[in-house]
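To start, the structure under review is shown below, and the notes come after it.
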């Protein structure tokens, strides 16, 4: 099954946004600046930016031990993986 161009472009954009948000939040955390709310980071992951969120989390070593954030992010990734698997069988 091929992915329509518009969906691929959307996923690229939302994952890049996720990486930028995680990177900016890490920058702010190190400098005691105003942070990005965890709910925003999780929302961006939930709307399709989970791959970027996981990649940025590892790249920037940011929020890797923060609970329950880490668990929520892994649940989002799991639900998306299940949804993708189910969609692939249609």
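The values are calculated or read from the model by the stated rules, or taken from the named source; none is laboratory data. From a predicted model like this one, the values you see are computed outputs, not experimental measurements. Neighbour counts are summed over all protein chains in view; Cβ atoms, including those assigned to glycine, are modelled from backbone coordinates with ideal geometry.
Per-structure values
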quantity	calculated
Residue that is farthest from residue 87 (Cα to Cα), among those in region 1-60 that are surrounded by fewer than 11 Cβ atoms within 10 Å (Cβ to Cβ) and touching a helix residue (DSSP H, G or I) at 6+ places or on another chain (Cβ under 7 Å)	34
Given (1) part of a helix (DSSP H, G or I); (2) at pLDDT below 95, index of the condition residue 1 fails	(1)
Considering residues of region 63-90 that are at pLDDT below 95 and touching a helix residue (DSSP H, G or I) at 6+ places or on another chain (Cβ under 9 Å) only, the residue farthest from residue 15 (Cα to Cα)	66
